[in-house]
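Working notes for the structure below.
A short reminder: the numbers here are calculations on the coordinates, not readings from a lab. Here the structure is a predicted model, which is why all the values come from computation and not from measurement. With ideal geometry, Cβ positions are generated from the backbone for all residues, glycine too; neighbour counts draw on all protein chains shown.
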Amino acid sequence: MSAPVLDNTSARALFLDRHALAEQPAGPAKGQHLLELIERLGFVQLDSINTVARAHDMILYSRRPTYRPKHLKRLYESDRALFEHWTHDAAVVPMAYYAHWHLRFQRDAELLRSRYKNWHRDGFEQRFDTVLQHIRDHGPVSSSDVGKDEKKGSGGWWDWHPSKTALEYLWRSGALTVIGRDGFQKRYDLTERVIEEHLCPGAIPCDAEQTVDWLCNAALDRLGFATSGELSAFWDTVSSAEAKDWCAAAEQRGEIEVIEVESADGSRRKHFARPGTVQAASDVAAPPKRLRVLSPFDPALRDRKRAERLFGFHYRIEVFVPAPKRIYGYYVFPLLEGDKLVGRVDMKAHRDCGELRVRALWPERGVRWSKARTQRLESELDRVRRFTEMDRVVFAPDWLRDPI
């Protein structure tokens with residue numbers, strides 16, 4: 001019996017729906033409503049680059065235009081409805097998922113002990129007790145509050161002094177919790193002061209099998225369909241082998257089935273999905289035609305290979321590419337219109353003069369940049385202008401470029 005086939009149009013609609021991009025960007029964006037959105041996404045990646053707005057703020061704003069950064073800060077730092085840790089990168093995660101992070105704490109403790117020795121030199125393990133006692137005595141700290149008598153290496157910003165390395169290790173392994181940020185500098189406190197006692201590491205046994213089951217189920221529900229590798233990569237805690245074994249067992253139990261998903265180029269690839277997903281996808285409403293700016297770290301684009309398969313959109317961030325070798329620009333924003341990624345725009349908020357400056361926009365191949373599309377772009381950029389508290393949008397004379 002052949003596997004059910006999910007056509008590309010339905011696959012894109014279902015995928016965008018699971019990422020809260022298939023409905024009109026509207027609705028309340030603070031408190032419980034904001035928490036529910038983050039739960040729907042699973043987590044929101046944090047990033048410090050602020051050419052227009054930080055990635056986490058753009059991710060939430062693109063779905064709920066009434067969102068403002070203070071809403072996330074309150075939810076995280078005051079309400080304690082979120083905690084910060086790692087998925088594939090630093091992220092804020094709903095506190096309801098904290099118990100499922102015990103396995104991550106254990107695995108990071110093993111992995112980072114040797115990795116940090118290679119990256120940041122020896123000596124950090126000898127600082128554990130000193131750092132913990134300092135926090136017990138003086139309260140939450142940032143990295144600038146510890147290790148003041150220690151020498152930092154000459155290897156750049158990542159070459160931490162031993163106490164900074166100890167802070168990061170104790171956080172990643174669960175003894176410390178990040179309680180917020182000043183600017184973008186983390187503040188750490190003892191986990192038992194922040195997390196409810198019954199959820200703290202050691203209070204409950206860490207069942208690896210149950211955690212892997214929860215993580216794989218939660219990843220599949222947020223992706224709609226996935227390969228075992230994509231399930232492994234979603235939270236970046238489950239190993240490739242564990243994800244493969246989970247898929248085999250779940251398929252045998254009838255909890256998932258194999259389907260074929262059509263790519264943008266017409267090819268097909270096998271994925272796992274809940275039974276009935278192909279039929280249910282036909283009921284998903286087509287995404288709205290409104291054009292919107294996405295963060296380069298948007299969860300719908302985080303897996304660059306999947307985005308290329310589904311949307312035919314090849315995207316690589318060029319932050320670490322030397323300027324003369326960049327194809328587009330330092331930090332270029334994808335443009336979503338309906339279920340298609342129609343272009344990318346290089347822009348920056350110049351806060352000293354209140355201008356959101358558009359340097360260049362490249363339509364995707366085959367996309368005609370009509371007058372109506374330009375009007376939709378201008379409307380979206382005006383919304384972004386208000387969000388970033390700029391006074392005006394300024395276009396460079398040669399802003400509309402030919403597709404590359």
Computed FRET value (nearest 0.05) for VAL258 with ARG181, which takes r as the C-beta separation and R₀ as 51 Å | 0.75
Can you give the relative contact order of the stretch 324-365 as a percent, counting alpha carbon pairs under 8 Å and 6+ residues apart?
-> 31 percent
Work out the FRET efficiency for ASP391 and GLU110 from their Cβ-Cβ distance, taking R0 = 45 Å, and round it to the nearest 0.05.
-> 0.30
At 7 Å along the Cα-to-beta-carbon direction for both TYR330 and GLU378, put a label point, then send me their distance in nm to one decimal.
-> 2.8 nm
Sort out for me the Cα centre separation of the stretch 92-144 from the stretch 63-85, rounded to whole Å.
-> 23 Å
Euclidean distance between Cα centres, the stretch 17-55 to the stretch 260-300, Å | 18 Å
Gained length - GLU196 relative to GLN24, 0.36 nm times residue gap less alpha-carbon distance | 58.2 nm
Just grab the label-to-label distance for ASP89 and GLU36, each label 7 Å out from Cα along the Cβ direction, in nm (one decimal).
-> 2.9 nm
The stretch 320-346 and the stretch 349-404: distance between their alpha carbon centers, rounded to Å | 12 Å
From the backbone phi of the stretch 277-294, what are the Karplus-calculated ³J(HN,Hα) couplings (6.51 cos²θ - 1.76 cosθ + 1.60, θ = phi - 60°) in whole Hz, Gly and Pro given as x?
-> 4, 4, 5, 5, 5, 5, 8, 6, 5, 5, x, x, 6, 4, 7, 9, 7, 10
Express the relative contact order of the chain as a whole percentage, based on alpha carbon pairs under 8 Å and six or more residues apart in sequence.
-> 17 percent
Highest-MSF residue in the chain out of SER232, SER114, SER379 [GNM, Cα springs under 10 Å] | SER114
Could you give the dipole magnitude of the stretch 160-284 about its Cα centre, charging the beta-carbon of Lys and Arg +1 and that of Asp and Glu -1, in debye to the nearest 20?
-> 480 debye
Along Cα→Cβ, 7 Å out, is where each label goes; now give me the distance between the ones at GLN279 and ASN50 in nm to one decimal.
-> 5.2 nm
For ARG290, placing the label point 7 angstrom along Cα-to-beta-carbon and taking the stretch 350-386, residues whose amide nitrogen sits under 15 Å are 376-386
Length gain on complete extension for the stretch THR9 to ARG351, per 0.36 nm per residue less the alpha carbon to alpha carbon distance?
-> 119.1 nm
When the chain is modelled as a GNM with alpha-carbon springs shorter than 10 Å, which of GLY123, GLY183, GLY229 fluctuates the most?
-> GLY183
